[in-house]
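Have a look at the structure below before the remarks.
The values are calculated or read from the model by the stated rules, or taken from the named source; none is laboratory data. Because the structure is predicted, anything quoted here is derived from the model rather than measured. A quick note on method: Cβ atoms are made from the backbone with ideal geometry, for glycine too, and the neighbour counts reach across all protein chains shown. We work out accessible area using only protein heavy atoms, side chains counted, and drop any ligands, DNA or RNA first. Shrake-Rupley method; radii C 1.70, N 1.55, O 1.52, S 1.80 Å.
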Amino acid sequence: METQTLNIEGMSCDACVKHVTNALRGVSGVQTAQVNLQEKTAVVTFDPAAASIDQMMEAVAEEGYTASPIDLVAVDQAASDGEAQEKSQSSCCSN
Ligand SMILES: [Cu+2]
C-alpha cells in the first residue's frame, strides 16, 4: 500500500467532503481516503498495482472538484493559484 496526499480544490462544505471521499473510494485499488475540508487535502491509501493517481484525479474531477498530487504542487503555489478556480463550477450545496 502507498499513501498519497492530494490537494483538493472546490470543496465548500461537508457534502463536498463526502462527494470527494466517495469518488476516491470508488476507484478500485483505493483502500482509504481521508478528506480534510479545512486543509483542502485528501490522504489516500491505495494499492499502486491497482490504482493510479490519474484515476483518482479523474474520479474527483467527475464530481466537479480538482485534485492534484501535493508532491507535484508546491504548497505556496496551491495556496495562491487562482486561475484554476472557476466560479461557474457547479456546487454540490444549494442550501
Ligand atoms: Cu458542498
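Odds and ends about this structure:
- Summed over region 19-44, residues that are among the charged types (D, E, K, R) and either in contact (Cβ under 8 Å) with a residue 12 or more places away in the chain or closer than 15 Å to E58 by Cα (or both) total 2.
The rows are residues; the columns are (1) at pLDDT below 95; (2) of a type in the set (D, E).
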| site | (1), (2) |
| --- | --- |
| Q4 | no, no |
| N7 | no, no |
| K18 | no, no |
| V27 | no, no |
| A50 | no, no |
| E62 | no, yes |
| A78 | yes, no |
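- Taking every residue in region 50-73 that is charged (D, E, K, R) and pairing it with any residue that is open to solvent by 40 Å² or more (accessible area, probe 1.4 Å), at least 6 positions away or on another chain, the pairs with Cβ-Cβ distances below 6 Å are E63/H19.
- Residue satisfying condition, being at pLDDT 85 or above, part of a loop (DSSP other than H, G, I, E, B), polar (S, T, N, Q) and surrounded by fewer than 13 Cβ atoms within 10 Å (Cβ to Cβ), within set Q38, Q89: Q38
- Test: residue in region 31-40 that is under 9 Å from the mean Cα position of the chain (by Cα), away from the ligand (no atom under 16 Å from the Cβ) and under 13 Å from A67 (Cα atoms): no
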